[in-house]
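The values are calculated or read from the model by the stated rules, or taken from the named source; none is laboratory data. Please read all numbers here as calculations on a predicted model, not as lab measurements. Note that each Cβ is placed from the backbone with ideal geometry, even for glycine, and that neighbours are counted across all protein chains shown. The protein model used for the area step is the full one, side chains on, heavy atoms only, and it has no ligands, DNA or RNA in it. Shrake-Rupley method; radii C 1.70, N 1.55, O 1.52, S 1.80 Å.
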Amino acid sequence: MNANKVIYAAHERLSMDNGWKFYPGDIPFPEIKGQDNTYNNAKAGKSWGAAAPEFDDSHWRVLNLPHDWSVESAYDSTENPNQGYRKRGIGWYRRSFTLDPADKGKHLELQFDGIATNCTVWVNGTLMHRNFCGYTSFYIDISSMAHYGNVPNNIAIRVDAVPQEGWWYEGAGIYRHTWLVKQSPVHIITDGVFAQPIKTHAGAWVIPVEATIENSSKTNAGITVVSSVWDNSGKRVASATANGTVQPLDQAITHLQIQVSNPQLWTLENPVLYTVQTIIQQDGRPTDTVSTTCGFRTIQFRADSGFFLNDQWVKIKGTCNHQDHAGVGVAVPDALWDFRIKKLKEIGVNANRCSHNPPSNEFLEACDRNGILVMDENRNFNVSPEYQRQLEWMVRRDRNHPSIILWSVFNEEPMQATENGYEMVRRMSAVVKRLDTTRPVTAAQSDGLFTPLNVSDAVDVVGFNYQQDSYEPYHKLHPNKPITSSEDVSGLMNRGEYVNDPVKHTLAAYDENKPGWGEIHRTAWKKIAEKPYVAGCFIWTGFDYRGEPQPFEWPSASSSFGIMDVCGFPKTAYYIHQAQWVPASQPVLHFMPHWNWPADSIGKKIKVMVMSNADKVKLVLNGKLIGEQQVDPYMMNNFEVPYHPGTLEAFGYKNNKQVSHFVAETTGEPVKLELIPYRDTLAGNGTDATPVNVMVRDAKGRPVETANMKLVFEISGAGTIIGMGNGNHNNHEPEKGNEYSLYNGLAQVIIQSKANSQGQVVLTVKGEGLQTASVVIIVKETVGIPAVQ
């Protein structure tokens, strides 16, 4: 071995999230005049204004990422209703960091997971990148122009959130993670390993590993590539080796085949994950290593019988979802993805459509861990080189996730019924299949299925948006074409509201409201469940989201389509789908509304909707039988009950045996609060977070679902409040701070741990006329992700 040859450490991926400086607004560039300035302006390393390394940013706000400046702003009736009446505009971010002289010669890469919406990035005074999609990551090689030692490196980013890619709330700013990656000059490129297990026709399992190696050194590099598969106990179960050569400033693709015997399968109930570790060796020593996860599973869409996972029939019971959450906007802490996915799984949901854009990688990892199928969706319907690059990025980044079962190339495009649309999808499908042939391509089509040549002719699985009456005629015309609902329902309701009131902008939660294009939850599922050739559904939506406040506008600022509200509090639709989707072996019984009505309602009939997966339900008020009904598995059961204060009970029966019981009582006045953290421990890394739900109760401990009052929050110890919400789409209270109101008995606070902390967080809540309540969350000392200083 050459004694002068440097052997570099393994792959380092360091967080860049902390210590950014932020300026809300634009900083105009100075006008360039004069010979020297004009000459210098045309040279690398010379930028002006806030892009210049020497710019004075000492008065700027210091913050940590992810960050959404839009959610921090006040509601404004003059802003765009589809963006949730929140100002977006322009903002600047700056950050400096130093590099050890030992890093000289390494491949150095800045990675930005997501910036809303467009951005321009300067590094050390040189314009390095422009990004034109708020949902697409980008990577910047700074190896050739980095500074080392005491000379700092400067990043300046101008974020332009004025352009809109969607018709929903998109946020503003650097709302996903940022990274600095250090690698050997001979290294695996970012997203450069594809290791998706395949079951051969003979029934054996093989992982065809494709590794793209780059050489930024000055000489040819002889390499050995070793890929190993590790199970979740840390045991290596198989490996393969290949050799190759990479020319200077070039790339080479190495292919390996790893045979794996009798792996545990990735299933919805037991989503077993394996790790593929790929190591680059030179002269017998490792120079770079990348680990990816994978799952052993097969998928198939059949035209006559729907979707199969591991050769087992599965009806897809999915929801569409945007990526914002109460209190935090689109700057969602990683831990909240698990919270949201598990809330969906409680309903019986087994699939998620990423609407209408690629999600964060952390979201997909959560789907892998929790056993949720995913339709991964491209944002922009465009075949220009730039937008094909965005599509390629999505497939490259995401193709190792076992949760993904479909690539969707668009949503509801005007050209979907035309030959032009067909040609565009044909080209986009080819882009996908050059990178991944293990999953089918679809498109969410809302029209034009029966024109002579349309996009459905260019996809593998036809996606139907709100065309449920077309399932049967299309299937008859195309009996060999697999089909699925890609979007349906759009039912409208507000949690805890039981009267449609256009003046107050409230929508009754009886599953009776829908827009002209949509369906109610109950009938939509019936149209899918009774057709075996329809693979399943993706309901619009699992959660409410900011923007699209249909059928209203101001003061309504968020949607009402969700099965749950923006906090994840259940609406009636939550229990409807539980009754439809949860197996009868797990009894479901719930009814609505609450049983707190004013004195002038006594004797008046109240509509009571009972949701159950039993055979029969019985309703009893104050010990007196109201009625019995056989359960309607689609439409649920309705009773007209003359209101009298007291106790309303429902009983569910299976084979004439009681299997479930649900009760609602007329309560007293609200007197005390209960705080319910989703998790009672946090990692002390400064990024871990948990929702804490706030519930109000009467003197007997019964929830008061009609309570609406102001709360004051106090927090001490190793955590901080990063957002608040209550699910009220008409509420305009600031989501940052320490005061917020209950809405129909509930509110939510998001608690995040402090960096390098341990001990406990104490959250205390006060309200006028209410007993003060506190909850303790333990914060454990944790070795966090290595970070750039």
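Let's see how each residue does on (1) modelled with pLDDT of 95 or more; (2) among the basic types (Lys, Arg); (3) closer than 26 Å to Thr690 by Cα:
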{"position": "Thr287", "(1), (2), (3)": "no, no, no"}
{"position": "Ala326", "(1), (2), (3)": "yes, no, yes"}
{"position": "Pro333", "(1), (2), (3)": "yes, no, yes"}
{"position": "Asn378", "(1), (2), (3)": "yes, no, no"}
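Determine which single condition Ala535 fails, assuming it passes every other condition in (1) over 23 Å from Arg353 (Cα atoms); (2) touching a residue at least 12 places away in the same chain (Cβ under 8 Å).
Here Ala535 meets the rest and fails (1).
Being open to solvent by 30 Å² or more (accessible area, probe 1.4 Å) and of a type outside the set (A, V, I, L, M, F, W, C) is the filter here, so list the residues in segment 738-766 that pass it.
Within segment 738-766, Asn738, Glu739, Gln752, Lys754, Asn756, Gln758, Gly759, Gln760, Lys766 meet the criteria.
Which one is surrounded by the fewest Cβ atoms within 10 Å (Cβ to Cβ), of the residues in segment 121-130 that are touching a helix residue (DSSP H, G or I) at 6+ places or on another chain (Cβ under 8 Å) and part of a strand (DSSP E or B)? Walk me through it before giving the result.
Here is the first cut: in segment 121-130, the residues touching a helix residue (DSSP H, G or I) at 6+ places or on another chain (Cβ under 8 Å) are 122, 125, 127.
Filter once more, keeping what is part of a strand (DSSP E or B): 122, 127.
On the way: Trp122: 22, Leu127: 13.
By that ranking, first place goes to Leu127.
Tell me, which residue of segment 468-518 that is polar (S, T, N, Q) and not in a loop (DSSP other than H, G, I, E, B) is nearest to Cys320 (Cα to Cα)?
Here is the first cut: in segment 468-518, the ones polar (S, T, N, Q) are 468, 470, 480, 484-486, 490, 494, 500, 506, 513.
Next cut, not in a loop (DSSP other than H, G, I, E, B) only: 468, 470, 484-486, 506, 513.
Working: Gln468: 17, Ser470: 20, Thr484: 13, Ser485: 11, Ser486: 8, Thr506: 23, Asn513: 19 Å.
Top of the filtered list is Ser486.
Counting only residues that are more than 24 Å from Asn411 (Cα to Cα), small (Gly, Ala, Ser) and in contact with a Ser or Thr (Cβ under 8 Å, 6 or more places away or on another chain), how many does segment 501-559 have?
Matching residues across segment 501-559 total 1.
Are any residues in segment 131-147 touching a residue at least 12 places away in the same chain (Cβ under 8 Å), more than 21 Å from Asp68 (Cβ to Cβ) and open to solvent by 10 Å² or more (accessible area, probe 1.4 Å), and if so, which ones?
Tyr139, Asp141, Ser143, Met145, Ala146, His147
Residue by residue through segment 148-165, note down the ones that are in a loop (DSSP other than H, G, I, E, B), open to solvent by 10 Å² or more (accessible area, probe 1.4 Å), closer than 30 Å to Gly547 by Cα and not β-branched (Val, Ile, Thr).
As a first pass, look at segment 148-165 and keep what is in a loop (DSSP other than H, G, I, E, B): 148-152, 161-165.
With the extra rule that they be open to solvent by 10 Å² or more (accessible area, probe 1.4 Å), the set shrinks to 148-152, 162-165.
Subset that is closer than 30 Å to Gly547 by Cα: 162-165.
Within segment 148-165, Pro163, Gln164, Glu165 meet the criteria.
Could you tell me how many of the residues in segment 593-617 are more than 16 Å from His661 (Cβ to Cβ), part of a strand (DSSP E or B) and open to solvent by 10 Å² or more (accessible area, probe 1.4 Å)? Even if it seems obvious, please write down each step before you answer.
Quick first cut of segment 593-617, residues more than 16 Å from His661 (Cβ to Cβ) only: 593-594, 596-607, 609.
Remaining after also requiring part of a strand (DSSP E or B): 605-607, 609.
Still in the list and also open to solvent by 10 Å² or more (accessible area, probe 1.4 Å): 605-607.
Here the count works out to 3.
Return only the number of the condition from (1) more than 30 Å from Phe552 (Cβ to Cβ); (2) polar (S, T, N, Q); (3) at pLDDT 95 or above; (4) assigned to a loop (DSSP other than H, G, I, E, B) that Gln760 does not satisfy.
Result: Gln760 passes all but (4).
Quick one: how many residues across segment 188-242 are of a type in the set (S, T, N, Q) and either open to solvent by 40 Å² or more (accessible area, probe 1.4 Å) or touching a Cys at 6+ places or on another chain (Cβ under 7 Å) (or both)?
Within segment 188-242, the first condition is being of a type in the set (S, T, N, Q), and the residues that meet it are 190, 196, 200, 212, 215-217, 219-220, 224, 227-228, 232-233, 239, 241.
Still in the running and either open to solvent by 40 Å² or more (accessible area, probe 1.4 Å) or touching a Cys at 6+ places or on another chain (Cβ under 7 Å) (or both): 196, 200, 216, 219-220, 232-233, 239, 241.
Here the count works out to 9.
Looking at this structure, is Lys481 surrounded by fewer than 16 Cβ atoms within 10 Å (Cβ to Cβ), farther than 15 Å from Ala573 by Cβ and out of contact with any Leu (no Cβ under 9 Å at 6 or more places or on another chain)? I'd like the intermediate steps shown before the answer.
Working: surrounded by fewer than 16 Cβ atoms within 10 Å (Cβ to Cβ): no; farther than 15 Å from Ala573 by Cβ: yes; out of contact with any Leu (no Cβ under 9 Å at 6 or more places or on another chain): yes.
So Lys481 fails the test.
With respect to Gly737, determine if the residue is on the phi > 0 side of the Ramachandran plot and either more than 26 Å from the chain's Cα centre (by Cα) or touching a residue at least 24 places away in the same chain (Cβ under 8 Å) (or both). Before the answer, list the steps.
Numbers: on the phi > 0 side of the Ramachandran plot: yes; either more than 26 Å from the chain's Cα centre (by Cα) or touching a residue at least 24 places away in the same chain (Cβ under 8 Å) (or both): no.
Judged against the criteria, Gly737 is not a match.
Specify the residue that is surrounded by the most Cβ atoms within 10 Å (Cβ to Cβ); the eligible residues are those in segment 442-467 that are outside any loop (DSSP other than H, G, I, E, B) and of a type in the set (S, T, N, Q).
To start, the set of residues in segment 442-467 that are outside any loop (DSSP other than H, G, I, E, B) comprises 442-445, 455-457, 461-465.
After this cut, where a residue has to be of a type in the set (S, T, N, Q) as well, the list is 442, 445, 456, 465.
Details: Thr442: 30, Gln445: 28, Ser456: 26, Asn465: 22.
Filtering segment 442-467 for residues that are outside any loop (DSSP other than H, G, I, E, B) and of a type in the set (S, T, N, Q), the one surrounded by the most Cβ atoms within 10 Å (Cβ to Cβ) comes out as Thr442.
Can you name the number of the only condition in (1) in contact with a helix residue (DSSP H, G or I) (Cβ under 8 Å, 6 or more places away or on another chain); (2) open to solvent by 20 Å² or more (accessible area, probe 1.4 Å) that Ile626 fails?
Exception for Ile626: condition (1).
To keep it simple, each residue is scored yes or no on (1) in a helix (DSSP H, G or I); (2) among the polar types (S, T, N, Q); (3) closer than 21 Å to Ile347 by Cα; (4) in contact with a Ser or Thr (Cβ under 7 Å, 6 or more places away or on another chain).
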position: Phe561; (1), (2), (3), (4): no, no, yes, yes
position: Cys567; (1), (2), (3), (4): no, no, yes, no
position: Met635; (1), (2), (3), (4): no, no, yes, no
position: Phe639; (1), (2), (3), (4): no, no, no, no
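Might you let me know whether segment 307-319 holds any residue that is in contact with a helix residue (DSSP H, G or I) (Cβ under 8 Å, 6 or more places away or on another chain), among the basic types (Lys, Arg) and without any contact (Cβ under 8 Å) to a residue 60 or more places away in the chain?
Of all residues in segment 307-319, those in contact with a helix residue (DSSP H, G or I) (Cβ under 8 Å, 6 or more places away or on another chain) come to 315, 317, 319.
Remaining after also requiring among the basic types (Lys, Arg): 315, 317.
Next, from what is left, pick out any that are without any contact (Cβ under 8 Å) to a residue 60 or more places away in the chain: none.
Scanning segment 307-319 turns up no residue that is in contact with a helix residue (DSSP H, G or I) (Cβ under 8 Å, 6 or more places away or on another chain), among the basic types (Lys, Arg) and without any contact (Cβ under 8 Å) to a residue 60 or more places away in the chain.
Can you tell me which of (1) part of a loop (DSSP other than H, G, I, E, B); (2) hydrophobic (A, V, I, L, M, F, W, C); (3) touching a Pro at 6+ places or on another chain (Cβ under 9 Å) is the one Trp92 doesn't meet?
Here Trp92 clears every test but (1).
Going through segment 364-414 one residue at a time, which ones are in a helix (DSSP H, G or I), acidic (Asp, Glu) and over 14 Å from the mean Cα position of the chain (by Cα)?
Glu386, Glu392
Assess whether Met493 counts as being within 30 Å of Ala211 (Cβ to Cβ), crowded, with 21+ Cβ neighbours inside 10 Å and modelled with pLDDT of 95 or more.
Values: within 30 Å of Ala211 (Cβ to Cβ): no; crowded, with 21+ Cβ neighbours inside 10 Å: yes; modelled with pLDDT of 95 or more: yes.
Taking the combined requirement at face value, the residue does not satisfy it.
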